[in-house]
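Everything below concerns the one structure shown next.
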Amino acid sequence: MSLPEELETPYEIQSLNYMAHFNFDYLSSRPDRGKQEMPLWCDYIELLCLIMYKGEVAKGEVIDVVFKEGAGVIVQDGDEEDYDDDLDDDDVDASDPLSRQLASLGSSKGQKDDRQEAIAIDWFNYLASRQTGLGEMYPFIADSDKSSLKIKSNLKPIHHLYLYLLLASNLHLFSPELRTKITTDFEYICFEVQKLMFPLMLTGVKTHTHIFGKNPTNNSVFTGNLKNKLIKLGELIQARKLDTDFLDARNSGDNGIDLVSVMKFDNDNAYGPPLIISQCACSYKEWKKKQHDNSPERYRQFNLFDVDYLRLMFIPMYYRNQSGQWFEIRDVFLSVMDRLRIMKVLLYQNKKLYNQANNWSPLVLLPTKDEREIFAGFLAE
């Protein structure tokens, strides 16, 4: 997708109101410090690297943006914005781990600076662990010794997929129109991943994977309202006592089902074929709760499932600690397909998906804010 020459002036950008569709502001886009979750902060540093610092960022710039309210920051287009004050002691929030960490070392400037540097070093060490986990699939060069991050000079298709997943993990940067489009694309990517994970096609045995929801790219067997979809699913799994008579015909939801894979056997009339039901979630705040959305209790009123089924959760986040384990083990109780696992499934597989991801990566690769805003407007149309 190329930018038309007639849309290159700031006046025309303003008149077309493209500025509302994608906005990464280095101050307002910072993660909520009250959460202090490493995956969020490292996504933020990757976005800083791409959008503000022309593809390379180091510890000093990150400390300026995070702890000194942007003091002396040079934005990518060459405009300097000054925020001279450090965080004041009066701003310490007892519920904020980052504030507590800083306050615990006292109020002297030297003590604060030491702690700020230590936290920034931890972030860059974490970024280096992403590089270790993803290997050549990681689009950055993370140097833990220098506490720096740099985008690779020659990006491959798999790198563009990473950048798409990075964007899909940060929905707050997008207008409602683009938010809908990027989550729709994510559901389709998850659909392709699930097909690749369960591809069995042998004589007498076939695995069918379908999108259950309202995705506009959906050519699924599941169409119409929720009642029709559940009836079709009941037919596929040979449900014995399905009851949907009480469902309102106006209900067009998905009841917690985004993707379905069913293994079908020829000349097999028994109920309970192997079944996988998946949820796709891009919201960092919501995905943990959505693990409950396709639990068996949700469908007992329909008498839909006679036996247990496998549940998956797809997320675009890199939700891991430095050792590669889940960042918060207590938050994960389903099989989760995160950024790492999705990319490993797709590494050598689907050029069509790489092209789809490439449609989004210019949002963080175009050199100026004006060009990014124009491109966001194209995506929103």
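What number goes with the only condition from (1) at pLDDT 95 or above; (2) within 20 Å of ARG240 (Cβ to Cβ) that LEU312 does not pass?
All conditions pass for LEU312, except number (2).
Return the residues of the stretch 326-358 that are among the polar types (S, T, N, Q) and within 19 Å of MET137 (Cβ to Cβ); say none if nothing qualifies. Break it down stepwise before answering.
Keep residues of the stretch 326-358 that are among the polar types (S, T, N, Q), which gives 335, 349-350, 355-356, 358.
Those that are among the polar types (S, T, N, Q) and within 19 Å of MET137 (Cβ to Cβ): GLN349, ASN350, ASN355, GLN356, ASN358.
Yes/no per residue for (1) assigned to a helix (DSSP H, G or I); (2) at pLDDT 50 or above; (3) charged (D, E, K, R); (4) out of contact with any Ser or Thr (no Cβ under 7 Å at 6 or more places or on another chain):
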| position | (1), (2), (3), (4) |
| --- | --- |
| LEU3 | no, no, no, yes |
| ILE13 | yes, no, no, yes |
| MET19 | yes, no, no, yes |
| PHE24 | no, yes, no, yes |
| ASP32 | no, yes, yes, yes |
| LYS35 | no, no, yes, yes |
| PRO39 | yes, yes, no, yes |
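Quick check on my filter: what residues within the stretch 238-262 are touching a residue at least 60 places away in the same chain (Cβ under 8 Å), aliphatic (A, V, I, L, M) and farther than 23 Å from GLN291 by Cβ?
ALA239, LEU242
Identify all residues within the stretch 326-356 that are in a loop (DSSP other than H, G, I, E, B) and within 18 Å of the chain's Cα centre (by Cα); write none if there are none. Spell out how you get there, then give the answer.
To start, the set of residues in the stretch 326-356 that are in a loop (DSSP other than H, G, I, E, B) comprises 327-328, 332-334, 338, 347-350.
Passing the criteria: PHE327, GLU328, VAL332, LEU334, ASP338, LEU347.
If MET317 satisfies every condition in (1) open to solvent by less than 40 Å² (accessible area, probe 1.4 Å); (2) over 30 Å from TYR126 (Cα atoms) but one, which is the exception?
Condition (2) is where MET317 drops out.
From (1) assigned to a loop (DSSP other than H, G, I, E, B); (2) within 30 Å of PHE124 (Cβ to Cβ); (3) modelled with pLDDT of 90 or more; (4) open to solvent by 10 Å² or more (accessible area, probe 1.4 Å), pick out the condition that doesn't hold for LYS285.
Every condition holds for LYS285 apart from (3).
The values are calculated or read from the model by the stated rules, or taken from the named source; none is laboratory data. The shown structure was predicted, so the numbers you read here are calculated from the model rather than taken from an experiment. Cβ atoms come from the backbone with ideal geometry, glycine included; neighbour counts cover every protein chain shown. Accessible surface areas use protein heavy atoms only, side chains included; no ligands, DNA or RNA. Shrake-Rupley method; radii C 1.70, N 1.55, O 1.52, S 1.80 Å.
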